[in-house]
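Each remark here refers to the structure printed beneath this line.
Just so it is clear, none of the values below were taken in a lab; they were calculated from the coordinates. Computed from a predicted model, the values in this text were never measured in an experiment. Neighbour counts are summed over all protein chains in view; Cβ atoms, including those assigned to glycine, are modelled from backbone coordinates with ideal geometry.
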Amino acid sequence: MSATMMHETLSVLVIDDDVTDRMAIRRSFAKTPLQAKITEAETAQNAKGVLADDSFDCIFLDFRLPDTDGISFIKQLRLEGNFLPIIVLTGQGDEQIAVELMKAGASDYLAKSHLSPENLHSLIRHAINAYRAEQRVRAAQEQLRQTNMLLRQQNQELEAQRQQIERQNLRLLQANQHKAEFLATVSHELRTPLNSILGFSQILKSQTKGSLNDYQTKMVDCIHTNGESLLYLVNDILDMSTIESERLQLTPHFFDLTTLVQEVASEMLWVAEKKGLKVSQMIALENCEVYNDRQRLKQVLVNLLSNAIKFTQTGTVTISVKTLATNSLEIAVQDTGIGIEPEQLSTIFQPFRQADQSIVRHHGGTGLGLAITHSLVSMMQGFITVDSQPNQGSTFRVQIPHTIAG
């Protein structure tokens, strides 16, 4: 027996209508090491009242009571959730009944003819130890049940949150799709009148339909220049919306990259010369023929060169092309411009972002050029990086395959 049970006073309920049997149990308890407080009940009905009023450690139950039998009484207690250890006292030769009692939920049984301090001590020790072990198991099971209920509740809450996030993501995707479609529609509708304005202003500039005075010529030049600037902005918005809606497709074919670089440098030269800048080229290709979308690669080069020229006040803009590996080449655009602050490098390729909003106001633009460039380079199975220091210039490097996969 545990040391705890040796020193505690056990509360025992004896249910027996025979006063002699009850006295025998008291005498046996007195001869054991146990300290026990014994309460007696003569019938099942009396026992229920006692059990309702007090708590007990163990029950001794006579199988044959005036108002019921032991099996029915035990089953009723167990159904009511009472799992106290019950030791049933049986008559001689009631072994079959004892088996039925054990099946009904009795902890053990003892023939009245075998009642002794030793047997009683052993039975109650095992019954109470087993009951307390079962209590610990039931407590652990109840805790596990509560934990499982909590986990199920948390899982349900997480599932509800996941579904809500999915719905929000779907709404965001739909909103983004609608935005892209709206921008594409507006940009397309704006380009038609803009092209007309540029065409008519070009006719006026040519003076083939009549001469213009100096003031009129200056105004027509202003109309044409601003029309071109507006068309560039509209084209940027249209390209970005087309990329975001995943409707942009590359059309690759073979072409001479050296010729393309020279073509872009020549087209951008007049813009650089207006600012007093030099444009230099450094081409070191093992094979000039590449397989890519020529128009979109030209757009990448124009964006990088125009950006470099825009943010450079004095010095040189250099475009260099070299072979890195068998199927890899690098295009770099280096300037001596204002540079970029280190904390702004992480957002330089995001749409509608430029390094400094005061720069946007000073130099103009949508802030889409580098975002479009980044997206186009990614579609070409390449990547773009930037190295920059404030007031020391920037270098943008594009690495793409010599031959992109179809």
query = Given the C-alpha centroids of segment 271-348 and segment 197-267, what is the distance between them in whole angstrom?
reply = 20 Å
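Mind giving me the FRET efficiency for GLN35 and ASN169? R0 is 51 Å, r the Cβ-Cβ distance, nearest 0.05 is fine.
0.15
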message = Given contacts defined as C-alpha pairs under 8 Å and at least six residues apart, what's the relative contact order of the chain, whole-number percent?
response = 9 percent
ask   = Where a Cα-Cα gap under 21 Å defines reach, which lysines qualify for LYS274, not counting those fewer than 8 residues away within the same chain?
value = LYS205, LYS218, LYS310
Net charge over other residues, Cβ less than 15 angstrom from the Cβ of LEU257 (K, R count +1; D, E count -1) = -2
query = Taking the highest mean first, how do the peptides 156-163, 174-181, 39-46 order by number of other beta carbon atoms within 10 angstrom per residue?
reply = 39-46, 174-181, 156-163
remark   = Along segment 225-230, Karplus-curve 3J(HN,Hα) (6.51, -1.76, 1.60; θ = phi - 60°) to the nearest Hz, with x for Gly and Pro, reads 5, 5, x, 5, 4, 5
task = Run down the lysines and flag those whose C-alpha is under 18 Å from the C-alpha of LYS322, throwing out any fewer than 8 positions away in its chain.
result = LYS298
Formal net charge of residues neighbouring LEU144 (Cβ-Cβ distance under 14 Å; K, R +1; D, E -1) = +3
query = Could you give the length gained on full extension between GLU286 and LEU231, defined as 0.36 nm per residue of separation minus the Cα-Cα distance, in nm?
reply = 16.1 nm
Violating pairs (Cα-Cα greater than 28 angstrom) within the set LYS209/LYS275; LYS31/LYS112; LYS209/LYS278; LYS179/LYS275 = LYS209/LYS275; LYS209/LYS278; LYS179/LYS275
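Could you give the size of the charge dipole of segment 97-143 about its Cα centre, using +1 on the Cβ of each K and R and -1 on the Cβ of each D and E, expressed in debye and rounded to the nearest 20?
Magnitude of the dipole: close to 80 debye.
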remark   = Sorted by chain and number, the residues with a modelled amide H under 5 Å from that of LEU368, at a separation of 5 or more or across chains, are PHE352
ask   = Sorted by mean Cβ packing within 10 Å, highest first, what order do the peptides 79-90, 57-68 take?
value = 57-68, 79-90
request  = Can you find, among LEU110, VAL290, MET380, the residue farthest towards the positive end of the dipole of the chain? Put +1 on the C-beta of Lys and Arg, -1 on that of Asp and Glu.
outcome  = VAL290
Cβ charges +1 (Lys, Arg) and -1 (Asp, Glu), total dipole of the chain, debye = 1220 debye
remark   = So the FRET efficiency between SER113 and ASN148, C-beta based with R0 = 60 Å and rounded to 0.05, is 0.80
key: Positive dipole terminus of the chain, leading residue within ILE124, VAL234, ASN176 (C-beta point charges)   = VAL234
remark   = Given backbone amide H placed at 1.01 Å from N, residues whose amide H is under 5 Å from that of PHE56, ignoring those fewer than 5 places away on the same chain, are none
remark   = Listed by chain and number, the residues whose amide H is under 5 Å from that of LEU329, excluding neighbours fewer than 5 places away on the same chain and using placed H, are LEU324, ILE400, HIS402
task = Would you mind computing, in nm to one decimal, how far apart the modelled labels at GLN45 and LEU79 are, each placed 7 Å from Cα along Cα→Cβ?
result = 1.9 nm
query = For segment 281-290, in order, what is each residue's ³J(HN,Hα) by Karplus, 6.51 cos²θ - 1.76 cosθ + 1.60 with θ = phi - 60°, in whole Hz (x at glycine and Pro)?
reply = 10, 9, 10, 9, 9, 6, 9, 6, 7, 10
Cα centre as origin, Lys/Arg/Asp/Glu Cβ charges: segment 1-136 dipole, Debye = 420 debye
task = Consider the candidate values (i) 142; (ii) 154; (iii) 304; state which one is volume of the Cα convex hull per residue in Å³ computed from the structure displayed.
result = (iii)
